[in-house]
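Peer 1: This is the structure I want to talk about, given as C-alpha coordinates.
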Amino acid sequence: MALPKKVRIVEEDLGKERAWGMCFYSKALIKIHPHQPEECRLDTLVHELLHMACPDWSEKKISRYATFLAKQLWKDG
(Lines give C-alpha, C1' and ligand atoms only; values in the text may rest on other atoms or scores of the structure.)
Protein backbone atom coordinates (compact mmCIF):
# COMPACT_ATOMS: atom_id res chain seq x y z
CA MET A 1 0.00 0.00 0.00
CA ALA A 2 1.46 3.35 -1.02
CA LEU A 3 1.72 6.24 1.38
CA PRO A 4 -0.44 9.26 0.63
CA LYS A 5 1.42 12.29 -0.71
CA LYS A 6 -0.31 14.57 1.76
CA VAL A 7 -2.07 13.83 5.05
CA ARG A 8 -4.67 16.27 6.34
CA ILE A 9 -4.61 16.66 10.12
CA VAL A 10 -7.65 18.22 11.78
CA GLU A 11 -8.62 18.83 15.38
CA GLU A 12 -12.01 17.48 16.34
CA ASP A 13 -13.69 16.59 19.62
CA LEU A 14 -13.49 12.79 19.72
CA GLY A 15 -15.11 12.42 23.14
CA LYS A 16 -18.02 10.33 21.90
CA GLU A 17 -15.58 8.00 20.11
CA ARG A 18 -13.54 7.83 23.34
CA ALA A 19 -10.34 8.36 21.35
CA TRP A 20 -7.41 10.78 21.34
CA GLY A 21 -6.92 10.32 17.61
CA MET A 22 -8.27 8.52 14.57
CA CYS A 23 -6.70 7.59 11.24
CA PHE A 24 -8.66 7.36 7.99
CA TYR A 25 -6.21 5.91 5.48
CA SER A 26 -8.53 6.00 2.46
CA LYS A 27 -9.12 9.74 3.01
CA ALA A 28 -5.50 10.51 4.02
CA LEU A 29 -7.02 12.10 7.12
CA ILE A 30 -6.04 12.12 10.78
CA LYS A 31 -8.33 13.53 13.46
CA ILE A 32 -6.79 14.66 16.75
CA HIS A 33 -8.75 15.39 19.92
CA PRO A 34 -7.88 19.01 20.83
CA HIS A 35 -8.11 18.75 24.62
CA GLN A 36 -4.88 16.96 25.52
CA PRO A 37 -1.50 18.18 26.74
CA GLU A 38 1.02 19.01 24.01
CA GLU A 39 3.29 16.08 24.84
CA CYS A 40 0.33 13.70 24.64
CA ARG A 41 -0.79 15.34 21.39
CA LEU A 42 2.62 14.60 19.88
CA ASP A 43 2.34 10.95 20.94
CA THR A 44 -1.17 10.78 19.46
CA LEU A 45 -0.08 12.33 16.18
CA VAL A 46 2.91 9.97 15.83
CA HIS A 47 0.61 7.06 16.73
CA GLU A 48 -1.90 7.95 14.02
CA LEU A 49 0.85 8.59 11.45
CA LEU A 50 2.22 5.13 12.18
CA HIS A 51 -1.25 3.70 11.53
CA MET A 52 -1.13 5.51 8.17
CA ALA A 53 2.39 4.30 7.33
CA CYS A 54 2.15 0.76 8.74
CA PRO A 55 -1.49 -0.35 8.53
CA ASP A 56 -0.59 -4.01 9.08
CA TRP A 57 1.06 -3.38 12.47
CA SER A 58 -0.79 -4.39 15.64
CA GLU A 59 -2.15 -1.74 17.99
CA LYS A 60 0.38 -2.85 20.60
CA LYS A 61 3.30 -2.39 18.21
CA ILE A 62 1.99 0.99 17.02
CA SER A 63 1.64 2.19 20.62
CA ARG A 64 5.13 1.04 21.60
CA TYR A 65 6.85 2.67 18.62
CA ALA A 66 4.75 5.86 18.84
CA THR A 67 5.58 6.40 22.50
CA PHE A 68 9.28 5.77 21.87
CA LEU A 69 9.40 8.20 18.93
CA ALA A 70 7.28 10.87 20.63
CA LYS A 71 9.42 10.83 23.78
CA GLN A 72 12.60 11.24 21.73
CA LEU A 73 11.12 14.04 19.61
CA TRP A 74 9.80 15.81 22.74
CA LYS A 75 13.22 15.65 24.43
CA ASP A 76 14.83 17.07 21.30
CA GLY A 77 12.37 19.96 21.25
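Peer 1: Across the stretch 5-23, which residue is least open to solvent (accessible area, probe 1.4 Å) among those that are in contact with a Lys or Arg (Cβ under 9 Å, 6 or more places away or on another chain) and in a loop (DSSP other than H, G, I, E, B)?
Peer 2: That would be L14.
Peer 1: Follow-up question, since we're still on this one. I'd like the full set of residues that are surrounded by 13 or more Cβ atoms within 10 Å (Cβ to Cβ), within 20 Å of K5 (Cα to Cα) and of a type outside the set (A, V, I, L, M, F, W, C), limited to the stretch 37-77.
Peer 2: Result: H47, E48, H51.
Peer 1: In the stretch 40-58, which residues are farther than 20 Å from G15 by Cβ and charged (D, E, K, R)?
Peer 2: Result: D56, single match.
Peer 1: Right, another one. Filtering the stretch 24-35 down to residues that are touching a strand residue (DSSP E or B) at 6+ places or on another chain (Cβ under 7 Å) and in a strand (DSSP E or B), which residue is nearest to L50 (Cα to Cα)?
Peer 2: Once the filter is applied, the top-ranked residue is I30.
The values are calculated or read from the model by the stated rules, or taken from the named source; none is laboratory data. Keep in mind that what you see is a predicted model, and the values were worked out from it rather than measured. Glycine also receives a Cβ, built like all others from the backbone with ideal geometry; neighbour counts cover every protein chain displayed. Areas reflect the complete protein model, heavy atoms only, side chains present, ligands, DNA and RNA absent. Shrake-Rupley method; radii C 1.70, N 1.55, O 1.52, S 1.80 Å.
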